[in-house]
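**Q** The following block contains the structure, expressed as structure tokens.
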Amino acid sequence: MTPVFLKAMLETGWHLVITFTATLAAITIPLQLVFNQTGSEIYSWEILVTLLFGADLVYQQVSLRHAQEEAFPHLRTVPAKSRGFWLAVDLLSALPLGFTGLSPFWSGLRCLKLLRVAQTMHQWRQRILKFSDLLKLAFFAFWLLLISHWLACGWLALIADRATGDPLTRYLSALHWVIETLTSVGFGEIVPVTNGQRLYSIVIMLTGVGVYGYVIGSMAGILAKRDPAKNQYFNNLDQLSAFVQYRDIPPALQKRIRDYFAYIWKKRLGFDETHFLSGLPRGLASEISLHLKREILDRIPLFKDVESDFIEEVALNLKPDVYTPGEYVFKEGRPARRMYLVIKGVLEVVRKDGTVINVLKEGNFFGEIALFTDQPRTASVRAVTYCDLYILEKDVFLYLLEQFPDIGAHMKEIARRRLERDENQAPVPGGGLHS
Ligand code: CMP
């Protein structure tokens, strides 16, 4: 276990302890107020919370100083005002006001620590990106339950004269009333009778409308974002169905389009990473591209043992493309704008008269001859199976060859041998590109 990992674990553990304590304090304080609870357990609990929040005050100050001095100098720019605000939050929530003889309401200041809880939750959502949406829902449920609890305690205080039964029954009836009123307009079995109670009910009902809107909006957003590739698949199918209503597309062609969409979905190719990467700084984008494409590039014999700068440039500039069985990537005699790497699938190099002069497989490249010679394509290339290709645009290809002349010379040699063999009409065994 590395020291950095250990430190991160300890930090998370500490945040969990503080979150748990602050939540428990936020639950118990209103209950103590409503039920006038006192006793030795409450004093022990007060001492424990004071110690933990006091320790957190020190921890927050030390880690802020540490962050400013060492790893994160940009945090120096945190305005003094907000540093003062957080210091006040930590300090006020750590004060043992329960022992001072002040009105018990003052112990409510402990609940200020929930601001730190909200901050921690925000950080967790940023760090655990994979489950960010689920965490959003879980945290929303957390705040909703906590607020319902507070509202139930408030309602208990307001109807103190009418509430009967043991504390648990009274509390559960109040909580039941709050949730009923928040989620609908209530069933009317507990009717507000004073103006204060009526106003309280109105506020809760209006809050309920907001809660509804938020829950439905968030759920819809989360469901829509959960699987972008699947969404795109169904979007594509909807568009296809609209399209075939206006245009006469033969069923066989419709099936090919459907199969293509399914392939793109299954391989998660619908998500356009190029667009995402274009929003990042170049260095970061090239590191990510390399990470994503390294495994694939390692399988291409041409790139074995070449300079890492070259691989980085290539990784940054490759764009994915898919071809369906029987589809032509390009035809002989057409002008050339790019070259291709075969990531998966089988393709045939075909002459105009239909002769197959070679078969290309995973790890091969093609389309380079026309780029070198600045002439039209010397042959057609047709997909035999579904093919995942990577494309390198002509300008990038020429730029790379200029920057890395050794690799250019190696590719030129392969292109020359291919041309020679084509002229002799002799098929090249095994794809010929590894040679
Ligand atoms: P280009 O001429 O741009 O377009 C057709 C491509 O087919 C060509 O580049 C080569 O990449 C490829 N090609 C041509 N002949 C052969 C061959 N004999 N073996 C493998 N690939 C070939």
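**Q** Name the residues in the range 197-220 that are within 17 Å of the chain's Cα centre (by Cα) and within 14 Å of PHE140 (Cα to Cα), would you?
**A** SER218, MET219, listed by residue number.
**Q** Oh, and also: Filter the range 162-192 down to the residues that are modelled with pLDDT under 80, among the aliphatic types (A, V, I, L, M) and open to solvent by less than 50 Å² (accessible area, probe 1.4 Å) and list them by number.
**A** Result: ALA163, ILE190.
**Q** Give, as residue ranges, the strands (runs of 3 or more DSSP E) completely inside the range 319-402 that count at least 2 residues that are of a type outside the set (Phe, Trp, Tyr).
**A** Answer list for the range 319-402: 319-323, 338-344, 347-350, 356-360, 380-383, 387-393.
**Q** Mind telling me which of the residues ASP238, ASP305 ends up being acidic (Asp, Glu), more than 30 Å from PHE365 (Cα to Cα) and open to solvent by 80 Å² or more (accessible area, probe 1.4 Å)?
**A** Going through ASP238, ASP305 in turn, just one is acidic (Asp, Glu), more than 30 Å from PHE365 (Cα to Cα) and open to solvent by 80 Å² or more (accessible area, probe 1.4 Å): ASP238.
**Q** Which is without any contact (Cβ under 8 Å) to a residue 24 or more places away in the chain, aromatic (Phe, Trp, Tyr) and surrounded by 14 or more Cβ atoms within 10 Å (Cβ to Cβ), of PHE85, PHE139?
**A** Being without any contact (Cβ under 8 Å) to a residue 24 or more places away in the chain, aromatic (Phe, Trp, Tyr) and surrounded by 14 or more Cβ atoms within 10 Å (Cβ to Cβ) holds for just one of PHE85, PHE139, which is PHE139.
**Q** Let me ask something else about it. Looking at (1) open to solvent by less than 50 Å² (accessible area, probe 1.4 Å); (2) at pLDDT below 90; (3) assigned to a helix (DSSP H, G or I), which is the only condition ALA415 fails?
**A** (2)
**Q** To continue, here is another question. Residue by residue through the range 402-420, note down the ones that are within 14 Å of the ligand (Cβ to nearest atom) and charged (D, E, K, R).
**A** LYS412, GLU413, ARG416, ARG417, ARG418, GLU420, listed by residue number.
**Q** How many residues are open to solvent by 40 Å² or more (accessible area, probe 1.4 Å) and more than 35 Å from the chain's Cα centre (by Cα) when one looks only at the range 349-363?
**A** 7
**Q** Now for a separate question. With the condition kept exactly as written, say whether any residue in the range 323-345 is outside the structural domain of LEU371 (by TED's automatic domain parsing), open to solvent by 30 Å² or more (accessible area, probe 1.4 Å) and of a type in the set (Ser, Thr, Tyr).
**A** No, the conditions are met nowhere in the range 323-345.
**Q** Let me ask something additional. Determine whether the range 214-235 contains at least one residue that is in a helix (DSSP H, G or I), open to solvent by 70 Å² or more (accessible area, probe 1.4 Å) and aromatic (Phe, Trp, Tyr).
**A** Yes, the range 214-235 contains at least one residue that is in a helix (DSSP H, G or I), open to solvent by 70 Å² or more (accessible area, probe 1.4 Å) and aromatic (Phe, Trp, Tyr).
**Q** If you don't mind, another one. Tally time: how many residues in the range 362-401 are closer than 29 Å to ASP309 by Cα, within 11 Å of the ligand (Cβ to nearest atom) and among the charged types (D, E, K, R)?
**A** Within the range 362-401, residues that are closer than 29 Å to ASP309 by Cα, within 11 Å of the ligand (Cβ to nearest atom) and among the charged types (D, E, K, R) number 3.
**Q** Here is a list: LEU115, LEU158. Which entry is assigned by TED's automatic domain parsing to the domain that holds LEU16 and open to solvent by 60 Å² or more (accessible area, probe 1.4 Å)?
**A** LEU115
The values are calculated or read from the model by the stated rules, or taken from the named source; none is laboratory data. Since the structure is predicted, the reported quantities are computational estimates derived from the model, not experimental observations. Ideal geometry is used to build each Cβ from the backbone, glycine not excepted, and the neighbour counts take in all protein chains shown. Only protein heavy atoms, including side chains, enter the accessible area calculation; ligands, DNA and RNA are left aside. Shrake-Rupley method; radii C 1.70, N 1.55, O 1.52, S 1.80 Å.
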